[in-house]
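Heads up, the thing below is written out as structure tokens.
Please treat every number below as a calculation from the coordinates, not as lab data. For clarity, every value in this text was computed on a predicted model and none was experimentally measured. In this analysis, Cβ positions are derived from the backbone assuming ideal geometry, glycine residues included, and neighbour counts consider all displayed protein chains.
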Amino acid sequence: MHEPRHAEIIEGLSRTPARISPKYFYDERGSQLFEAITQLPEYYPTRTEHAILEQYGPEIARAVGSGCTLIEPGAGSCAKAAVLCGLIAPRCFVGVDISADYLTESVQRLGARFPGMDARALGGDITRGIHLPDDLPVAPRLVFYPGSSIGNFDPPSALALLRQMRALARSDGGLLIGIDLPKEVSVLEAAYDDAQGVTAQFNINVLAHINRLIGSDFEADDWQHRAFFNTEESRIEMHLEACAPVQVRWPGGARTFAAGERIHTENSYKYPLDRFCDLLAQAGFSRARAWQDARGWFAVVHAQP
Ligand code: AVJ
């Protein structure tokens, strides 16, 4: 008996065009490579969001209020939570992540930095709906979803996720979310195809992870990184393109790829702010306030029911 993700991966590989979910980027090496991406000169989202939080910190803090229960889906290293906790002094922090081991460590570190705060780690996947512990302090809940992670979801899935977050926030809470905005194509494409080739390594590394998960025999050297902006869909697409005809085998199956054939590995949607606010409204957030950098490249949005 295989795990469900096994079947999901093989189903994606068997499609035409083939696809691999971006969630498989983040094995240990993939997480390190992503960390390196956030420091690349071309990759503006992380530092731009950070600069917005720094510049408008006091305003954002007044808008969201202090003493809340802060909930961060996909908290990972809790690096961004640390910045926000310094600004809004939450009473309680709940970090949620699929890989709970790593999360437990980083939540402990965060708790040590903010001794008055009740810091908790919760294993779970927000896209499937999470169940919060029932002994949380009675306080308004702020859901924090930074980094433009929402961009990985197509609009209907993004809406479904925003509805989950609306339910978590309840009627007296809110959402603080980072979104990457549309901009000059050359800027977008450079951010996903950097000169040092770190994003290329990040993309190709997914194959090693898939090999470990399903026992396939992908060879990194057979594939090249492709990233481009799809204007109609307003999204960056990342693909792996076969350099020559390739056969890939795994226990119980195989697939051939022609030279130039691609595996779609990621979408990163860039929502114009007004379109994103429409999605928020459809998800049940009737009020929204946004802060942007001077170039209008990224926005931090506070949404309330
Ligand atoms: C983590 C999904 C926000 O879309 O910018 C970075 C992932 N992929 N470079 C993004 C990513 C390639 C990133 N997100």
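Points worth noting:
- Between 203, 211, 267, the residue with the greatest mean-square fluctuation in the GNM of the chain (Cα pairs under 10 Å linked by springs) is 211.
- With both labels modelled 7 Å from their Cα along Cα-to-Cβ, the residue 39 to residue 228 distance reads 3.2 nm.
- Within a straight-line Cα-Cα reach of under 12 Å, residue 80 can be paired with the following aspartates and glutamates, leaving aside sequence neighbours fewer than 8 residues apart in one chain: 49, 54, 72.
- Computed over segment 16-122: relative contact order in percent, which uses C-alpha pairs under 8 Å that are six or more apart: 20 percent
- Extended-chain gain in nm, criterion 0.36 nm per residue less alpha-carbon gap, residue 6 and residue 273: 92.4 nm
- Segment residue 221-residue 131, length gained on full extension (0.36 nm per residue, minus Cα span): 28.1 nm
- Efficiency of FRET from Cβ geometry, residue 63 and residue 23, R₀ 51 Å, rounded to 0.05: 0.95
- Gain on full stretching of the segment that runs from residue 82 to residue 186 - 0.36 nm per residue minus C-alpha separation: 34.2 nm
- Taking 212, 287, 29 as the candidate residues, the one with maximal mean-square fluctuation in a Gaussian network model of the chain, Cα springs under 10 Å, is 212.
- Note on segment 95-166: with charges restricted to the Cβ of Lys and Arg (+1) and Asp and Glu (-1), its dipole about the Cα centre is near 240 debye.
- For residue 191, net neighbour charge (Lys/Arg +1, Asp/Glu -1) across residues whose Cβ lies under 15 Å away: -4
- Cβ-Cβ FRET estimate between residue 196 and residue 258, R0 fixed at 30 Å, reported to 0.05: 0.50
- Summing charges over all other residues whose Cβ lies under 11 Å from the Cβ of residue 246, with Lys and Arg as +1 and Asp and Glu as -1, gives -4.
- Look at the alpha carbon pairs under 8 Å that are at least 6 residues apart: their mean separation over the length of segment 144-227 gives a relative contact order of 26 percent.
- Working from Cα pairs under 8 Å separated by at least six residues, relative contact order for segment 219-293 is 25 percent.
- Across q = 0.22 Å⁻¹, segment 94-161 modelled as identical point scatterers on its alpha-carbon atoms has Debye log10 I(q)/I(0) values of -1.13, in the order of the q list.
- Per residue Cα convex hull volume in Å³ - calculated over segment 192-305: 161 Å³
- Choice from 255, 226, 47 with maximal GNM fluctuation in the chain (Cα, 10 Å cutoff): 255
- Mean Cβ count within 10 Å, highest first, over the residues of peptides 109-116, 192-199: 192-199, 109-116
- Other residues whose C-beta falls under 13 angstrom from the C-beta of residue 292 contribute a net charge of -2, scoring Lys and Arg +1 and Asp and Glu -1.
- Its residues counted as N, the chain yields a C-alpha radius of gyration over 2.2 N^0.38 Å of 1.03.
- Reciprocal mean inverse distance between Cα atoms of segment 1-81 - Kirkwood radius, Å: 16.3 Å
- The angle between the Cα long axis of helix 273-282 and the main principal axis of the chain comes to about 80°, on a 0 to 90 degree scale.
- With a Förster radius of 51 Å applied to the C-beta separation of residue 208 and residue 171, the computed FRET efficiency comes to 0.65.
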